[in-house]
Amino acid sequence: MIHKKHTILIAGASGVVGAAAVEHFASLPDWEVLALSRRPSPLPEGVRHVAIDLTDPAACVSAAQSLTHVTHVMFAALYELPELVAGWRDPKQMAVNEAMLRNLLDALQPAAKGLRHITLMQGTKAYGGHIKPAPGPAKERAPRHRHDNFYWLQEDLLRERQPHAGWTFTVLRPQLIFGYAIGSPMNIVAAIGAYTAVQRELGRSCTFPGGGRYINAASDSRLIARAAEFAGTHEISANETYNVVNGDALVWQDIWGSIAQRFGMETSAAESLELTKAMPAYETTWARIVSKYGLRSLSLEKMIGSSWQFTDRALAHGLANPADSVLSPIKLRQHGFPGCEDTEDSLHYWLERMQAERLLPR
């Protein structure tokens with residue numbers, strides 16, 4: 001079999017980040033793409049699915065025999081507990097996420113002699129914003145925030161092994177990620193779309209359900225994929241950490257009207273609503289929407305999962321004066337990556353994708 005110039009193994013290929021990365025790299029002529037996930041998902045033509053449970057060391061070793069030509073790894077695999085926010089500080093969750101990366105490395109390093117680069121995903125929790133307000137804008141040069149986090153366990157594993165290996169690595173830190181994947185624990189686009197569709201079906205206005213105004217930012221998953229390509233093909237990115245954000249700012253209340261327009265709705269005064277508690281009660285309403293608009297036969301629980309929890313947090317539910325959360329994109333740009341996205345356009349791109357895929361009604 002003739003292999004292309006680069007072969008990338010994308011771990012977590014069925015997630016929001018992984019799915020966009022699979023699409024991006026599959027569109028590039030010099031890249032062969034291997035999509036690693038436990039469960040199969042629709043893949044672009046030419047992409048091979050690799051079914052591995054990364055928590056199983058023996059399964060990783062067995063699968064590695066067919067991965068000898070891998071040159072790049074994008075590690076976007078993630079284990080989250082059902083109680084999403086509480087799980088971020090749970091020792092079990094941290095241990096599982098470290099083990100998944102360790103198991104893959106232990107299996108792949110001896111087999112893939114041509115491995116050149118690993119991209120590791122982190123996020124804004126690296127700056128401790130889930131514990132107390134982070135400095136703004138948060139920059140990669142800041143000292144490591146002292147709190148228990150699987151980010152540090154995974155990064156330390158790479159830093160320990162890299163000096164003795166033939167590969168380098170790059171850490172990417174996106175913010176609020178826009179993309180789509182069924183059942184992802186942190187898919188705010190799906191949650192907002194489903195919430196809005198239910199409100200419309202019930203004859204209600206498109207009410208903003210969150211808390212107070214604050215300045216936030218987002219990361220389009222397509223932008224993250226392009227940044228991963230840059231990191232894996234430019235020497236300047238070796239062993240570096242980059243924030244990867246769209247480059248503008250996000251205030252939810254200021255773009256909420258455009259979401260209402262997409263669904264043909266009027267807005268009304270904000271009304272705090274805890275989606276985590278409220279939305280599971282609308283499974284019957286959602287089933288009616290699915291039938292009425294010919295959507296794919298998925299329950300709210302199947303499609304959204306714990307993304308309700310993530311969305312409540314992102315929309316600042318219960319907070320009158322939430323702290324701003326802004327990451328600086330400057331370092332990545334200074335190193336030569338020119339990418340950016342308009343956050344409002346990005347949100348609508350992914351809502352449109354979900355409508356086109358018959359996951360949300362028009």
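Some notes on this structure:
- Qualifying residue in the range 95-110 (condition: surrounded by fewer than 19 Cβ atoms within 10 Å (Cβ to Cβ) and within 22 Å of Tyr214 (Cα to Cα)): no
- For the range 101-128, filtering for residues that are assigned to a helix (DSSP H, G or I) and either without any contact (Cβ under 8 Å) to a residue 60 or more places away in the chain or not hydrophobic (A, V, I, L, M, F, W, C) (or both) leaves 13.
- Of all residues in the range 270-318, those that are touching a Pro at 6+ places or on another chain (Cβ under 6 Å), modelled with pLDDT of 95 or more and closer than 18 Å to Gly179 by Cβ total 0.
- Remark: Glu229 falls outside the filter, which requires a residue to be surrounded by fewer than 19 Cβ atoms within 10 Å (Cβ to Cβ), of a type in the set (Asp, Glu) and part of a helix (DSSP H, G or I).
- Any hit, the range 305-328, residues being outside any loop (DSSP other than H, G, I, E, B) and surrounded by fewer than 16 Cβ atoms within 10 Å (Cβ to Cβ): no
- Only one entry in Asp156, Asp148 is acidic (Asp, Glu) and closer than 23 Å to Val17 by Cα, namely Asp156.
- The range 287-300 - residue that is touching a residue at least 40 places away in the same chain (Cβ under 8 Å) and within 18 Å of Ser184 (Cα to Cα) and, of those, farthest from the chain's Cα centre (by Cα): Arg296
- Screening the range 149-172 for residues that are polar (S, T, N, Q) and not in a helix (DSSP H, G or I) and picking the one that is farthest from Trp88 (Cα to Cα) gives Thr168.
Each row is one residue, and each column tells you yes or no for (1) on the phi > 0 side of the Ramachandran plot; (2) among the aromatic types (Phe, Trp, Tyr); (3) in a helix (DSSP H, G or I).
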| residue | (1), (2), (3) |
| --- | --- |
| Phe25 | no, yes, yes |
| Glu32 | no, no, no |
| Ala35 | no, no, no |
| Glu45 | no, no, no |
| Val50 | no, no, no |
| Asp53 | no, no, no |
| Ser62 | no, no, yes |
| Leu67 | no, no, no |
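- Any pair with Cβ under 7 angstrom, 6 or more apart, that starts in the range 201-213 at a residue that is surrounded by 16 or more Cβ atoms within 10 Å (Cβ to Cβ) and ends at one that is in a strand (DSSP E or B) and β-branched (Val, Ile, Thr): Cys206/Thr267
- Filter result for Ile188 (in the same structural domain as Phe263 (by TED's automatic domain parsing), under 25 Å from Tyr79 (Cβ atoms) and modelled with pLDDT under 95): no
The values are calculated or read from the model by the stated rules, or taken from the named source; none is laboratory data. Bear in mind the structure is a predicted one, so any value in this text is a computation, not a measurement. Ideal geometry is used to build each Cβ from the backbone, glycine not excepted, and the neighbour counts take in all protein chains shown.
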